[in-house]
Amino acid sequence: MAKTPATPAQLPLDLDIQVERDVDGIEMGVLDNGMTYLTQRGLAAITGAARSTIQEISKEWEDNWGTDILPRGRARYFQDYLQEQGFDNHTLYLEITRNGSPYYAYPDVVCMAMIEFFAFEAQRTNDTALTNFRRLAQLGLNKFIYKALNYAPLDPWQYFNDRVTILQDSAPDGYFIVFKETTGMIVDLIRTGLPVDNRTIPDQSVGQHWARHWSDGGAGLGHNERIPFAHNFPAYYPQAKSNPQQAWAYPDSALPEFRRWFRHVYLPTKYPSYILSKHNVLKGGKAEALKLAEMYDPRKVTKR
């Protein structure tokens, strides 16, 4: 029997708008993780539909989200289309905060579903949707918005590489730092699509858990004391305002224990919770976060 769970409240995304403009009557923009979107007004313009109709479809999706079986009709169309594309958000839009107020952005996969619906599937199809579907069929909405806004995506490695440059010689002689020991994990995350920037700092999570293990778990016994060192972020990081921060360097004699703990404790038991907490900066949302969490130990991750 089909069940419809109560719709959960959506948390605003921890993202800013990189650029947004009205291009030929279509409001469009790019978030700072590179995700393209249309506003509700822009979506109405590109589909040739009334804005109230976009609102109705959005509400219909929320009301039916989580339902196993839907009758034929537009609700079923959007369910089939978006699930096939891996979209499983309980709203069709993404909520972000702009000037202290909630702001709604429809991601490109939802926009393409809407355009195709009004071009071919709606009871009253229209030429505007058909024309725009043909324009976007080869280029894709993502590239279309980038081109229209003259937007060049940031190098996904820049934030990480700049930290490597700053921190490469920061460990005192005879000591190691967590950042250097976790670069392999960070490289894996970047390759799989996590935007590693000032909002996602995986080594910070590792460092906090390791510090507790060092102090409370007895890892520090039998070793020299850990010592503070001056940790700096690149100048364009918001965290750079408090440079240099005090961080800990650990004696090299503890390196085997750190590597054992990192592989057998942190990755299977701590990392999944960390990466799931970052789902709101991922293009694929929680579904993508679950895939990233399963990279190291899928048995520790369950859909909640």
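Our coupling estimate for the range 93-108, obtained by passing each phi through the Karplus curve with A = 6.51, B = -1.76, C = 1.60 and θ = phi - 60°, is 10, 10, 9, 10, 10, 10, 6, x, 10, x, 9, 10, 10, 8, x, 4 Hz, Gly and Pro reported as x. Close amide-amide hydrogen proximity is noted between Glu27 and Thr39, Gly42, each under 5 Å apart and 5 or more residues distant or on a separate chain (H modeled in the peptide plane; Pro and chain starts excluded). Residue by residue, the range 168-176 carries 3J(HN,Hα) couplings of 4, 10, 8, 6, x, 4, x, 9, 10 Hz when phi is fed to the Karplus relation 6.51 cos²θ - 1.76 cosθ + 1.60 (θ = phi - 60°); x denotes Gly or Pro.
Taking amide H positions as modeled 1.01 Å from N, with prolines and chain starts lacking one, the residues under 5 Å from Gln18 and 5 or more places away or on another chain are Val30, Leu31, Asp32. Farthest toward the positive end of the dipole of the range 17-148, out of Phe78, Ala119, Gly100, is the Cα of Ala119, where the dipole comes from beta carbon charges about the Cα centre. Residues whose amide H lies under 5 Å from that of Phe176, counting only those 5 or more places away or on a different chain, are Tyr250, Asp252; hydrogens are built 1.01 Å from N in the peptide plane.
Separation of the range 30-44 and the range 186-244, taken as the distance between their Cα centroids, equals 33 angstrom.
About the Cα centre, and with charges only on the beta carbon of Lys, Arg (+1) and Asp, Glu (-1), how big is the dipole of the range 158-300? Nearest 20 debye, please. Provide the component values of the computation, followed by the final result.
Working: 17 positive and 14 negative charges, 121 e Å.
Using only the charged Cβ atoms, the result is roughly 580 debye.
The loop-placed trypsin sites (Lys or Arg not before Pro) in the range 94-185, going by DSSP, that have at most 13 neighbouring Cβ atoms within 10 Å of their Cβ come out as Arg124.
I want to check a number: in the chain, how many lysine pairs have alpha carbons closer than 13 Å, given a sequence separation of 8 or more or different chains?
Values: Lys270/Lys300; Lys278/Lys286; Lys278/Lys291; Lys283/Lys291; Lys286/Lys303; Lys291/Lys300; Lys291/Lys303.
Lysine pairs meeting both conditions in the chain amount to 7.
Could you size up the charge dipole of the chain around its Cα centre, putting +1 on the beta carbon of Lys and Arg and -1 on that of Asp and Glu, and report it in debye to the nearest 20? Don't skip to the end; give the middle numbers.
Working: 33 positive and 35 negative charges, 93 e Å.
Charge dipole of the chain: 440 debye, to the nearest 20.
Per residue of the chain, what 222 nm ellipticity follows from adding -39500 (n - 2.57) for every DSSP H run with n ≥ 4, rounded to the nearest 500? Write out the running numbers ahead of the final one.
Details: 13 runs with 123 residues, N = 304.
Rounded to the nearest 500, the figure is -11500 deg cm²/dmol.
Coupling constants for the range 275-283 follow from the phi torsions by the Karplus curve (6.51 cos²θ - 1.76 cosθ + 1.60, θ = phi - 60°), and in residue order they are 5, 5, 5, 9, 4, 7, 10, 8, 4 Hz; glycine and proline get x.
With r as the distance between the Cβ atoms of Asn198 and Arg260 and R0 = 35 Å, compute the FRET efficiency 1/(1 + (r/R0)^6) and round to 0.05. Kindly include the intermediate steps, with their values, before the conclusion.
Values: r = 30 Å, r/R0 = 0.87.
Between Arg260 and Asn198 the formula returns 0.70.
All of the numbers you see were taken from the coordinates with simple rules; none came from a lab. Keep in mind that what you see is a predicted model, and the values were worked out from it rather than measured. A quick note on method: Cβ atoms are made from the backbone with ideal geometry, for glycine too, and the neighbour counts reach across all protein chains shown.
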